[in-house]
Amino acid sequence: MLALAHSAAMLGIDGYVVRVEADSAPGTPGFTIIGLPDRALSEACHRVRAALINCGYQFPAGRVLVNLAPADIRKVGPGFDLAIALALLAIDEQVDTLALQGLVALGELALDGTSRAVRGILPMAIGARSAGFDALLVPRENAAEAALVEGMRIYAIGSLHDAVATVLGHGEKFRFACRPPSAGHAAHATADFHDVRGQAAAKRALEIAAAGGHNALLVGPPGCGKTMLARRLPSILPEMSPAEALEVTKLYSVAGLLEAEHGIVRTRPFRAPHHTISQVALCGGGSSPRPGEISLAQNGVPFLDELPEFSRSALEVMRQPLEEGTITIARSAGTFTYPARFTLLASMNPCPCGFRGTRTSECRCDDAAVARYIAKLSGPLLDRIDLHVDVARVAFDEMAGRAVGDSSAAIRARVDAARSLQHERFRGTAYHSNGGIAGADVRRYCALDDAATDLLRTAATRGHLSARALDRIARVSRTIADLAGATAIQASHIAEAIGYRTLERRGLAA
């Protein structure tokens, strides 16, 4: 007899419905799963058989065949166990096969029949809804995540017994209420800018970065506070919109990083990978492709400390997401595109020893060593970083003084005001902030008066600036004008933006 159930799987970061077709035929007893299963899924034969028997259900006699359709897409992971078990029960009419229609079952089964959480529930639930299904059976640990999808009946089950009871019409006690992502507010970061003494110039640069979505590079000696500043950048970023929060939650679900009790991710991500990270871990991919660190920083901040110490290949791969906001991974299993729209923050020393230009320590590096160190970063990569910020060591009097700078809340208020201007400016377009303006639209949104144009022309002539760097200066000046509440970009705004291209002004960038 043939029976049909439904489960779901992921293709990249998108979910799709999988038909679980089960059949038993006379012959030598056996259990085979086809439809391009991976190793973990192939082992479902043993898990499902043991779960059925240990829960007191009858396992179908004869030769059992389970097909997972579409058969040309590789299926990964143990999340099909529950749907396979229900399909096998329908073969012998232990459950009604008609009751399985309109229902998508997800979850791994232990040998005693208890359910276990699986990753990727959110995109799979979205995929099930898009395919016309309105009910979802999930492990209890995944229920809060699945409930983010409106228009679905969510049943949170703890075992195979609970799943069978739901299919038999006794599932109301397992019903889980939907919680749309629009409710609630993000908890602001505990790290606050009022903890940072001095560093007025660096704070100003990070305020500009937050207000316009600009990438920034902090350059300074060890111990000057680069990491301390970086970890406070998320505290001044605007709150995520419900759509942005759902997008980040979807990525974290695919990566298996979502905390079950929190449901949706409301704080902007801050990712700080070590410089020994591989290209695949940074940008995504692998034999079973998953999003990398830069995609997990979607709508947030990836912080690359000691930027020149990262492998050149990993850094060069970042050029596409820095320019386009996405990254495309091609593997034998297919081609996957992951979102990667973020505000990049990086840091580096001014030289290999770190003390070039400081008064407290003597630099041991010659000019050739410094040039080799900077050359680890290609010119095209540096062009894509809007703000090059010098960070000096704080004097003792500033550290010991009682003067306290603006709090993160005060800075965030100015950032929100600037973002509001950009929201109105870009209404009806694909742009979200000044930092994302394409080169073809820079003149439209960043018009300069004669004085500002002359100043930019002088900088281009003397400062070895590329065309892309000039566009970056125009975008940054637009953000500076927004923070000042100015409608037009003035020469003073251009002058400040030029000041954030320190590597070109030193002639060190390629």
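The values are calculated or read from the model by the stated rules, or taken from the named source; none is laboratory data. This one's a predicted model, so the numbers in the text were calculated from it and none came from an experiment. Using ideal geometry, Cβ is built from the backbone for each residue, glycine included, and neighbour counts are taken over all protein chains shown. Only protein heavy atoms, including side chains, enter the accessible area calculation; ligands, DNA and RNA are left aside. Shrake-Rupley method; radii C 1.70, N 1.55, O 1.52, S 1.80 Å.
Looking only at segment 204-215, decide whether some residue is out of contact with any Leu (no Cβ under 7 Å at 6 or more places or on another chain), open to solvent by less than 40 Å² (accessible area, probe 1.4 Å) and assigned to a loop (DSSP other than H, G, I, E, B).
Looking for residues that are out of contact with any Leu (no Cβ under 7 Å at 6 or more places or on another chain), open to solvent by less than 40 Å² (accessible area, probe 1.4 Å) and assigned to a loop (DSSP other than H, G, I, E, B), one finds at least one in segment 204-215, hence yes.
If only one of Thr487, Thr453 is modelled with pLDDT of 85 or more, open to solvent by 30 Å² or more (accessible area, probe 1.4 Å), more than 25 Å from Pro308 (Cβ to Cβ) and not in a helix (DSSP H, G or I), which one is it?
Selected residue: Thr487, the only one of Thr487, Thr453 that is modelled with pLDDT of 85 or more, open to solvent by 30 Å² or more (accessible area, probe 1.4 Å), more than 25 Å from Pro308 (Cβ to Cβ) and not in a helix (DSSP H, G or I).
In segment 384-401, how many are within 20 Å of Glu207 (Cβ to Cβ) and touching a helix residue (DSSP H, G or I) at 6+ places or on another chain (Cβ under 7 Å)?
6
Which of the numbered conditions does Gly77 fail, given that it passes all the others? Conditions: (1) in a loop (DSSP other than H, G, I, E, B); (2) without any contact (Cβ under 8 Å) to a residue 40 or more places away in the chain.
Checking Gly77 against (1) in a loop (DSSP other than H, G, I, E, B); (2) without any contact (Cβ under 8 Å) to a residue 40 or more places away in the chain, the one that fails is (2).
Find all pairs meeting these conditions: Cβ atoms under 9 angstrom apart; at least six residues apart or on different chains; first residue within segment 428-455 and within 19 Å of Thr487 (Cβ to Cβ) and acidic (Asp, Glu); second residue assigned to a helix (DSSP H, G or I) and open to solvent by less than 70 Å² (accessible area, probe 1.4 Å).
Cβ pairs passing all conditions: Asp449/Ala491.
Among the candidates Arg475, Arg444, single out the residue that is open to solvent by 40 Å² or more (accessible area, probe 1.4 Å), closer than 18 Å to Phe426 by Cα and modelled with pLDDT of 90 or more.
Among Arg475, Arg444, only Arg444 is open to solvent by 40 Å² or more (accessible area, probe 1.4 Å), closer than 18 Å to Phe426 by Cα and modelled with pLDDT of 90 or more.
Scanning for something open to solvent by less than 10 Å² (accessible area, probe 1.4 Å) and part of a strand (DSSP E or B), does segment 288-298 turn up at least one residue?
No.
Please enumerate the residues belonging to segment 315-373 that are over 29 Å from Gly435 (Cα atoms) and hydroxyl-bearing (Ser, Thr, Tyr).
Ser332, Thr358, Thr360, Ser361
Check whether at least one residue in segment 405-421 is hydrophobic (A, V, I, L, M, F, W, C), at pLDDT below 85 and open to solvent by 20 Å² or more (accessible area, probe 1.4 Å), and report yes or no.
The answer is no, given that none of the residues of segment 405-421 is hydrophobic (A, V, I, L, M, F, W, C), at pLDDT below 85 and open to solvent by 20 Å² or more (accessible area, probe 1.4 Å).
Pick out the one residue from Met318, Met348 that is under 30 Å from Val76 (Cβ atoms) and surrounded by 19 or more Cβ atoms within 10 Å (Cβ to Cβ).
When all the criteria are applied, what remains is Met318.
Name the residues in segment 22-61 that are over 21 Å from Gly113 (Cα atoms) and either in contact with a helix residue (DSSP H, G or I) (Cβ under 7 Å, 6 or more places away or on another chain) or open to solvent by 20 Å² or more (accessible area, probe 1.4 Å) (or both), would you?
Asp23, Ser24, Ala25, Pro26, Gly27, Thr28, Pro29, Ile34, Leu36, Pro37, Asp38 - these are the residues of segment 22-61 that are over 21 Å from Gly113 (Cα atoms) and either in contact with a helix residue (DSSP H, G or I) (Cβ under 7 Å, 6 or more places away or on another chain) or open to solvent by 20 Å² or more (accessible area, probe 1.4 Å) (or both).
Quick one: count up the residues across segment 380-438 that are in a helix (DSSP H, G or I) and aromatic (Phe, Trp, Tyr).
1
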